[in-house]
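Worksheet: one structure, shown below.
The values are calculated or read from the model by the stated rules, or taken from the named source; none is laboratory data. Predicted, not measured: the structure shown is a model, and the values here were computed from it. When we count neighbours, we look across all protein chains shown, and the Cβ atoms used for this are built from the backbone with ideal geometry, even at glycine. Areas reflect the complete protein model, heavy atoms only, side chains present, ligands, DNA and RNA absent. Shrake-Rupley method; radii C 1.70, N 1.55, O 1.52, S 1.80 Å.
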Amino acid sequence: MSPQLFLLLKITTLSILVQPTLILANCTCEPQDNKYNHQTKHKALSYKLVAISSILCSSALGVILPILLKNFKSLQKNDYSSLQFLIKAFAAGVILATGFIHILPDAFESLTSPCLSENLWGSFPFAGFVAMMSAIFTLMMESFATGYHRRAELRKSQPVYIGDDDEQGQDEHIAHGPQILLERSDSSSLLRHRLISQVLELGILVHSVIIGISLGTTENPKTIKPLIIALSFHQFFEGMGLGGCISQAKYKARTIIIMVLFFTVTTPSGIAIGMMISKGYNEQSSTALIVQGVLNSASAGILIYMALVDLLATDFMDPKLHTSFKLQISANVSLVLGAACMSLLAKWGGT
């Protein structure tokens, strides 16, 4: 998937997310924000502006930090490789908890709301089904993209030595084979890292817009205040996971800047959109519940798959991790710590 196509996909996703929020539904579940007076709403507005600034900074710091660490010259190659294991394990725990603890329960809550038709939405676990299908689709997309790339590599012309079978000629002929295999392996690995970073950002982007809009439409200062700290940590941890994947993908500077900017501004943009539509927005409308529930389910499926398959399974089966008991223990502790920190935010007030 080219960066241009991925950029178009993200813009399309944003437009899909925003459109349903502008529709007023006729559901009997009426919005509750009308009970707040002008002073309370003004205080809520102040908290929202603080939230935009705080989340913007924490998102930028989280996603940039792993990218900067890779280029930090004082770190030796082996030291950075070990540090990268720990960062990715922590980030995988964060992403896994985001999918299971934060997003999927919200999706079930939206799609089983009493404001929706019980006969249709209450008769089948749509949230789990959409999450499962999004995980399967992610697997299929990775498999087909990697397969296409490898077949294209095999069709390329290969260098062949033609000449006398002297000692030098034999050495050159032998040298070609391993070099070609190494180049193919590096190319396939690079493609996989790029697919991981793009799919991971897409899953995070969907969730980030939804939580931003939800915060932006809230008029209760008591609800907003704890969310500022919780969502700031939330975006910082998710940014670390995404930044680690971006650093491994070896993108050009322009693509890295675009991906970093998109992640950084997504939640603040969602808050701004929520502020603009708060007067006519009803989060309990059937349209809003269905759209949020389906997109949250899809996002959860993507993130859970990426955390388990592309981040944890790959690194935890790495021979380097198996040959160092200290590094293996550290990676496991880092994984549990990341999952615990993100799970704690759900209790603290995270979305």
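Here are some notes:
- Segment 287-351: C-alpha gyration tensor shape, a/c 1.5 cut-off, then a/b vs b/c: oblate
- Per-peptide average of other Cβ atoms within 10 Å, ordering 227-236, 295-304, 278-287 highest first: 295-304, 227-236, 278-287
- Near ILE210: Cβ cut-off under 14 Å, other residues only, Lys/Arg at +1 and Asp/Glu at -1. The net charge is -4.
- Figure note: ASP315, ASP106 ranked by solvent-accessible area, largest first, 1.4 Å probe, ligands and nucleic acids not counted: ASP106, ASP315.
- Between segment 307-341 and segment 223-291, the alpha-carbon center distance in angstrom: 27
- Placing a pseudo-label 7 Å from each Cα along the Cα-to-Cβ vector at LEU69 and LEU190 gives an inter-label distance of 2.4 nm.
- Exposure check, 1.4 Å probe, all protein chains in place: PHE108 carries approximately 80 Å² of accessible surface.
- Full-stretch length increase - LYS326, LYS222 - with 0.36 nm per residue and alpha-carbon distance subtracted: 33.0 nm
- Residue order for HIS42, HIS207, HIS149 - accessible surface, 1.4 angstrom probe, largest first: HIS42, HIS149, HIS207
- Summed side-chain charge close to LYS43 - residues other than LYS43 whose Cβ falls under 13 Å, Lys, Arg +1, Asp, Glu -1: +3
- Accessible-area composition of segment 283-351, carbon plus sulfur, in percent [1.4 Å probe]: 71
- Accessible-area ranking of VAL336, VAL260, VAL309, largest first, probe 1.4 Å: VAL336, VAL309, VAL260
- Classification of segment 238-351 by its C-alpha gyration tensor yields a prolate form. The axis ratio a/c (a ≥ b ≥ c) is 1.5 or more, and a/b outweighs b/c.
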